[in-house]
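Each remark here refers to the structure printed beneath this line.
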Amino acid sequence: MNEVIEFFQQLANVNDWPPRWYCGRWTDFHGWLYILSDLTIWLAYMAIPLILIRFILVKKGVPLSGVFVLFGAFILLCGLTHLLDAVMFWWPAYRINALVRFCTAMVSIATVLALIRYFDEAVGLRTSKEYDRELSFRQQAMQELTRSNEELQQFAYIASHDLQSPLKTIVNYLTLLESKHGEKLDTDAVRLINVSTAAAERMRVLINDLLDFSRVGTDIDFQTVDLNEVLAEILEEHQTEIRLTGASIDVGPLPTIRAHRTDLKQVFQNLVTNGLKYRRADVVPHIRIRASDEGNQYRFTVSDNGIGIDSKYYDRVFQIFQRLHGRNEYPGTGIGLATCKKVVDIYGGQIGLDSTVGVGSTFYVVIPKVIKTSQHYAQTHSLYPVN
Ligand code: ADP
């Protein structure tokens with residue numbers, strides 16, 4: 001123990017040994033070969049950890065960075081022992097040298113243990129060639145998916161579009177029938193015409209909603225959209241319902257973002273009109289629209305004081321054609337919230353709600369400030385063209 005204490009007390013004392021030049025017989029050539037080689041090794045050993053540190057800093061998220069750090073420390077200490085070996089030709093610091101060697105030994109053991117421990121994980125890391133193969137495979141899969149998605153979208157669009165024209169004919173003929181032969185028809189026949197017209201009207205709404213659903217997210221030509229203007233437009237378009245229900249709509253200051261105007265309008269329009277539609281009987285609807293800045297994203301909330309939604313349906317309401325109420329209770333197609341979700345998903349955001357039955361609901365929409373859809377990525381970040 002005394003030796004240890006004395007060792008540290010005398011750590012920098014170099015009087016117990018002669019400088020290495022005077023220890024044995026060195027020729028100039030031999031001594032300088034030794035010194036210069038040690039200094040060169042030291043310089044190279046200094047450079048390696050610096051390169052490793054730069055690598056870790058530049059390539060953020062390097063796996064097993066702890067092993068890199070240990071390895072860097074190990075190399076640095078090895079370099080230090082070589083520097084001391086050269087310096088000892090004039091300054092015989094054998095104690096400091098021993099201490100540095102001890103530290104090197106400890107760090108080298110830790111490095112060996114870390115390498116053994118992480119060996120399997122390191123073997124599991126993919127090489128750049130394996131990454132290349134996987135990337136091009138994924139890219140092919142993504143292109144295939146985009147193509148079949150576009151086909152499906154196109155199908156939904158054409159089907160809904162083409163259905164509109166026979167439907168118009170049916171409605172026109174029904175109206176004609178009633179206006180031309182109305183007096184000759186008995187009340188039962190008029191009732192049948194009215195039921196058919198109402199059914200055709202429902203179908204028109206359904207087709208329009210389907211068209212909107214299939215259209216959203218397809219146009220990635222973004223423009224600057226002032227959401228205050230969008231909301232003002234929505235309220236203007238729904239003046240009649242607002243006046244009839246006596247609803248109060250409180251819109252907080254909203255941001256301007258780069259996106260597709262119609263897509264964003266669809267989202268807010270569906271949320272606001274649902275707030276008006278799913279109101280409680282005898283309760284004047286109050287809808288509150290707010291936006292908050294959350295760093296790299298915006299959080300929008302649309303709150304109402306309507307009938308509310310049971311928490312077990314929070315996911316279901318965003319699925320297409322899922323309705324919680326009968327058509328006679330509240331009219332609708334069950335496409336509105338699915339459309340909102342489609343837009344928000346394509347924009348890389350989130351949509352959800354919080355609600356209390358009989359009190360009201362708050363729908364939230366989180367959208368990144370800089371919106372990039374997978375189509376944008378496919379255009380701008382395409383790494384390898386897949387033929
Ligand atoms: P639609 O309103 O055409 O039925 P949506 O997709 O907009 O279709 O909504 C799906 C279902 O979610 C609605 O049928 C309704 O039951 C429920 N819902 C939507 N918004 C609200 C709301 N603000 N308050 C209560 N229920 C709602």
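The values are calculated or read from the model by the stated rules, or taken from the named source; none is laboratory data. Quantities reported herein were computed from a predicted structural model and do not represent experimental measurements. Neighbour counts are summed over all protein chains in view; Cβ atoms, including those assigned to glycine, are modelled from backbone coordinates with ideal geometry. Just so you know, the surface numbers come from the protein's heavy atoms only, side chains and all, with ligands and any DNA or RNA stripped out. Shrake-Rupley method; radii C 1.70, N 1.55, O 1.52, S 1.80 Å.
Filter the stretch 318-335 down to the residues that are over 14 Å from Val365 (Cα atoms) and either open to solvent by 70 Å² or more (accessible area, probe 1.4 Å) or assigned to a helix (DSSP H, G or I) (or both) and list them by number. Steps first, answer last, please.
From the stretch 318-335, those over 14 Å from Val365 (Cα atoms) are 319-335; that's our starting set.
Within the stretch 318-335, Gln319, Phe321, Arg327, Asn328, Glu329, Pro331 qualify.
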query: Restricting attention to the stretch 249-288, which residues are open to solvent by 50 Å² or more (accessible area, probe 1.4 Å) and over 33 Å from the mean Cα position of the chain (by Cα)?
result: Arg279, Arg280, Ala281, Asp282, Val284
message: Where the second residue is open to solvent by 50 Å² or more (accessible area, probe 1.4 Å) and not polar (S, T, N, Q) and the first is farther than 15 Å from Asn270 by Cβ and lies in the stretch 339-354, which pairs have Cβ atoms under 7 Å and are six or more apart or on separate chains?
response: Gly348/Lys372
- line: Condition set in contact (Cβ under 8 Å) with a residue 24 or more places away in the chain and among the acidic types (Asp, Glu), scope the stretch 16-53, selection nearest to Leu70 (Cα to Cα): answer is Asp38
message: Testing Ile320 on (1) in contact (Cβ under 8 Å) with a residue 40 or more places away in the chain; (2) touching a strand residue (DSSP E or B) at 6+ places or on another chain (Cβ under 9 Å); (3) near the ligand (Cβ under 9 Å from one of its atoms), one condition comes back false. Which one is that?
response: (2)
- line: With the first residue restricted to the stretch 3-15 and required to be more than 14 Å from Val100 (Cβ to Cβ), and the second required to be outside any helix (DSSP H, G or I), Cβ contacts under 8 Å at 6 or more apart or on different chains are Gln10/Asp16; Val14/Trp91; Val14/Pro92; Val14/Ala93
message: If the requirement is being assigned to a helix (DSSP H, G or I), at pLDDT below 90, closer than 30 Å to Gly348 by Cβ and open to solvent by less than 90 Å² (accessible area, probe 1.4 Å), which of these qualifies: Asp212, Asp219?
response: Asp212
- prompt: Tally time: how many residues in the stretch 337-368 are open to solvent by 20 Å² or more (accessible area, probe 1.4 Å) and among the β-branched types (Val, Ile, Thr)?
  reply: 6
- prompt: Any chance the stretch 222-240 includes a residue that's open to solvent by 50 Å² or more (accessible area, probe 1.4 Å) and more than 37 Å from the chain's Cα centre (by Cα)?
  reply: yes
message: So for the stretch 302-317 (the condition being open to solvent by 70 Å² or more (accessible area, probe 1.4 Å), among the hydrophobic types (A, V, I, L, M, F, W, C) and in a loop (DSSP other than H, G, I, E, B)), does at least one residue qualify?
response: no
